[in-house]
1. Out of segment D:78-124, which chymotrypsin sites (Phe, Trp or Tyr not before Pro) are coil in DSSP terms and have no more than 15 other C-beta atoms within 10 Å?
2. Please compute, for the alpha-carbon atoms of chain C, the extent along each of the three principal axes and give them in descending order in Å.
3. Take peptide C:203-213, look around each residue's Cβ out to 10 angstrom, count Cβ atoms belonging to other protein chains, and average those counts.
4. Highest GNM mean-square fluctuation, chain A, Cα pairs closer than 10 Å: which of A:G59, A:G91, A:G176?
5. Considering only the other residues whose Cβ falls under 10 Å of the Cβ of D:I172, what net charge follows from Lys and Arg at +1 and Asp and Glu at -1?
6. Distances longer than 24 Å among the Cα atoms of segment D:139-260: what percent of all pairs is that?
7. To the nearest Å, what is the center-to-center distance of segment A:212-258 and segment D:66-142, using C-alpha atoms only?
8. May I ask you to work out the translational diffusion coefficient for segment B:202-243 at 4 °C, viscosity 1.567 mPa s, via Stokes-Einstein with Rh from the Kirkwood sum over Cα pairs, reported in whole µm²/s?
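Values quoted throughout were computed directly from the atomic coordinates according to the rules given, and no laboratory measurement underlies them. All values reported here derive from a predicted model rather than from experimental measurement. As a convention, Cβ positions derive from the backbone with ideal geometry for all residues, glycine included, and neighbour counts pool all protein chains shown.
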Number of protein chains: 4
Amino acid sequence: MKALVYHGPDKKAWEEKPKPVIIETTDAIVKILKTTICGTDLHIMRGDLPAVTDGRIIGHEGVGIVEATGNSVSNFKPGDHVIISCITSCGKCEYCKKGMYSHCEKGGWILGNLIDGTQAEYVRIPYADNSLYPIPAGSDEEALVMLSDILPTGFECGVLNGQVKPGDTIAIIGAGPVGLAALLTAQFYTPAEIIVIDMDDNRLEVAKTFGATQTINSSNGKAVERVMEFTNNKGVDVAIEAVGVPPTFELCQEIIGAGGHIANIGVHGKSVTLHMETLWSKNVTITTRLVDTVTTPMLFKTIQSKKIHPKQLITHHFRLDQIMEAYDTFGNAAKEKALKVILTN
Amino acid sequence: MKALVYHGPDKKAWEEKPKPVIIETTDAIVKILKTTICGTDLHIMRGDLPAVTDGRIIGHEGVGIVEATGNSVSNFKPGDHVIISCITSCGKCEYCKKGMYSHCEKGGWILGNLIDGTQAEYVRIPYADNSLYPIPAGSDEEALVMLSDILPTGFECGVLNGQVKPGDTIAIIGAGPVGLAALLTAQFYTPAEIIVIDMDDNRLEVAKTFGATQTINSSNGKAVERVMEFTNNKGVDVAIEAVGVPPTFELCQEIIGAGGHIANIGVHGKSVTLHMETLWSKNVTITTRLVDTVTTPMLFKTIQSKKIHPKQLITHHFRLDQIMEAYDTFGNAAKEKALKVILTN
Amino acid sequence: MKALVYHGPDKKAWEEKPKPVIIETTDAIVKILKTTICGTDLHIMRGDLPAVTDGRIIGHEGVGIVEATGNSVSNFKPGDHVIISCITSCGKCEYCKKGMYSHCEKGGWILGNLIDGTQAEYVRIPYADNSLYPIPAGSDEEALVMLSDILPTGFECGVLNGQVKPGDTIAIIGAGPVGLAALLTAQFYTPAEIIVIDMDDNRLEVAKTFGATQTINSSNGKAVERVMEFTNNKGVDVAIEAVGVPPTFELCQEIIGAGGHIANIGVHGKSVTLHMETLWSKNVTITTRLVDTVTTPMLFKTIQSKKIHPKQLITHHFRLDQIMEAYDTFGNAAKEKALKVILTN
Amino acid sequence: MKALVYHGPDKKAWEEKPKPVIIETTDAIVKILKTTICGTDLHIMRGDLPAVTDGRIIGHEGVGIVEATGNSVSNFKPGDHVIISCITSCGKCEYCKKGMYSHCEKGGWILGNLIDGTQAEYVRIPYADNSLYPIPAGSDEEALVMLSDILPTGFECGVLNGQVKPGDTIAIIGAGPVGLAALLTAQFYTPAEIIVIDMDDNRLEVAKTFGATQTINSSNGKAVERVMEFTNNKGVDVAIEAVGVPPTFELCQEIIGAGGHIANIGVHGKSVTLHMETLWSKNVTITTRLVDTVTTPMLFKTIQSKKIHPKQLITHHFRLDQIMEAYDTFGNAAKEKALKVILTN
């Protein structure tokens, strides 16, 4: 089969690889129908994740058709259409039992990282019963690709951890795909005001069409001032960090109100300064989280009942064998006005 | 009347001051029976809190007898014995209605800070109905002084915010009075293991008698190693910071387990480094809080039913007019093996 | 002034009464701008509430202008426009401090019940600071009348107690004003499906325009069958009872799914049969609640930000001096297709 | 092997049965070390559970040694000592993923009910990875038999669902084994007062030694009066029903305070009367639950750290082949002063 393979920093190829086979009784082999590229994949390609080694097939998102199942798989059978979760859950370790699949002792984020991933014609999914989700006939499968990673990430790490409530004033810092996923799912809880902050006017325009009630371009250094003005100097109830660099985390600290929640989604490469000299008495809560995908069934219901329309996140389409070109487009997201790209096998 | 008055850094005096009078209809005048000294008072005396100005009567803890009440006070009448809360709550602003009395628009921590306090023969208590608590006849009033500040602080900021659960392994960093208050009240939730970490062997001995199941003297730099060993490298479920300096906050980050809670109690004067490069994916929650004293009625019931014995925190007794001497003792806490001192009027 | 006065079962009059005056320092006198009639008022008029005695001015909803305030009122001053809450909260008893204003030791539901109410030109509001809410200039005051009672009742007793979650399938039994208020506010949490059940086709039509995704006319006795069909025999996640008679409570028990919540709003006059022989192992939660109005500030924000449009609940308008006619209309709600009527002074 | 076999109402025998074998890849065969008898087993023997058919081996509690495992079992291997949970969890259905193992689509309570159980020399455990719990070397295995059913039942259905809090006044109605398990585990949350109500003075004596602060013998019909007296007519914060008949459920309704929780544990055979005519405005929560055993790991930690001593629940010991005699003893619990009996293989 063909697959997108990492060969060290800045080297990747769409090349022939052996088709995966069942190894454990809990495995399934899935033929990919549609997959996508994640910001994390770009990091991998730059060599930022040393755990990813030469020869690895990349990708941790997608929908497909079950081709084969191990003996103990009981939730799925060949022919079933499925969503592939970016997080593999064994369903029987201490962490899985607590709903913290991200820290599964045998799974977690391994697809396209420690084992071969989904940017390929076929993929082996360990612990299939707990790591795949069924797609009923007639569903819009393209929209459901957004359930592999980006929607649960925005929702769990940003919205749920931030404890967004009806009537809240919330800020989302970063209007990239994951920030926009937080924006879409934050509206499940009907905040009164959603302020989206970014440095790219195009993304802020998109944020408006997705439900932002205020947008702020922070490139002039006046975002804090603007937020405090808008909130009568009270600050926001929830600040969702969807970038992952020190300045945006700093911004969250400056705009958070007393009793507020800072919910981090961003993947940070460096430490940040935490202003405990002012925060110690401010009754704030700061959370971090690697997505658990424990809300996938809940999110699935909101999509099927048309409460959200995750297709809004999809800007570009390619055939799977055009993936090198898709990487170029996604890698120039600002110029290409790209959010999520769909690759169809 | 006589009172302990701040006259600028390192200058204080036990001197004559006018007896307070009712100013607002919601005030009460309380004759002090017993008061105590808080670590914060030592900070004030060193000039660390510029909001406290020359001439201020210090102190925010105590029990007393109501001497007079304003016209709209209905919960109390002259002669009632009361606990004075360190936090003044108006009961009718946005924050009080949410139970966040610490940020009361007209109150919060003002006693012995922005208005005259309790280290005096009499004190004026604003919003008496919401800031005093009744003491039934026959109660041990000395024990109840611990309800003014230290018990709710350890409980709310450390134990409740840390979400201590039955079976948890928790660590308390700092075995001073507030760390020990967290230790006493953490046991309300029956954690399996309570590790107390400090650099003073005497305080660690006290911690053992208060219920610590493990103690670690961190002065040799091996606390992290010891905790990780004890927890099979999983780290703790809850880390309660009860010191307020960067190294102890750093320690909390190093020992916290995946999914864990870091609950800050310490009053920090400087920013700290937050290791988001490792914490971002660790599903941790970090909380800060100025005590709200919203749990005072709950804590009162646990004392009256002898579930905790806060008198354990009291090591020294003085007459109120010996307060200069009491400050010396409390200021040399390590040498004097002092926790809380009681001053009786 | 003129007021609507109860004179025993089925006797009421719009007649002259003395204008109320400040009695306690915490009182305010409010000139009524707009008021409405509640289903409870009809019960009172039939003599169902013996606590309401001859001579009582009825009504517990409305908006108005503060005319005078007692000495200790600090949140309001004459001239302020205010929402009158149906629940009076002293802000300083055990229950108020817990946010359970409905059981306030000195307040609770007393307006138009134990003390004179709002269907009058003026009303005295005890504990004004905690029982009134400010209306900013430029607000739509008619819509805000819905915040006095009906919206918090539907929201707190039905939606919050029912713990409605994104993706849930919920049922609301009863499409009268309070059931419709639950329908509007349930959408704050984005359930996937909202089934509304009633015996009046007109009300079911209204429910559809308010956001019901399914409606069932239960008069043919097949509501249970229909719900089980629609839910693949799983039953609903949340059943909100908004009628208050044994058959509707029975219906809730028959359609509730394992792990589900039955949230009662209805005012019941009789006991019901609880089928513990089947429910004991079904992991269900049943809640009751007299509205606390503790969510009024939250609901206010959702209205000001146009997340809900409570004016949808208003079907008829009268002058306050036409109140006898308004009672006739509201008393024939089905025929008149009446939901809430607005009386303007 | 030998096993206790049900042969229809009032007929049981200790007789030869084929030793169980692995059927599914997720099975384990466990050699029983210790088992016990549950009140439910007595119901089965009386013919109250028609789903239990002639020939069934009874019993759903015990500890043992793994003898064999199916191919996909990875948490256990032959020779491991294990606790057998009364609830079988597949770990991969909708309910298991929500932690509601009691309603597992393929499991739930099936042992000694729909499949052969633990009152035998060997038992087959389906979904072993999710339905067994490891016992470390050196543990007190007899105490751990209490983790199969009774402790999680008292804790989950009574204490957790009742939301017992520090300082609460709670009542436990029924001082049989499961009521006593609620009594032991309620103390994890440090209620101020625990009132235990029963009609058997011996059991009330036992309750006192287990931590009850008040006991009431309800046989004189004055239990309500006594509770209201003791609570200054406020009623209790939590009422735990551990009997399962209408009069005890009635009692719970009469003693529950405003805002309180009624947590049902009892297995009810009949409907009860729910007094909605008074409860509708009392802000109460009523819960039912079949134990999920989701807290087994938490409870295990509290036992290993000696926070509770479940051996207190064990009153009698027999060899497994004396099980007919053990049934006689347990069936005459009052006379024999029996709580839990241990049968050793």
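1. none
2. For chain C, the Cα spread along each principal axis is 60, 40, 38 Å.
3. 0
4. Sorting by GNM fluctuation, first place goes to A:G91.
5. -2
6. 19 percent
7. Taking the Cα centre of segment D:66-142 as reference, the centre of segment A:212-258 is 50 Å away.
8. 113 µm²/s
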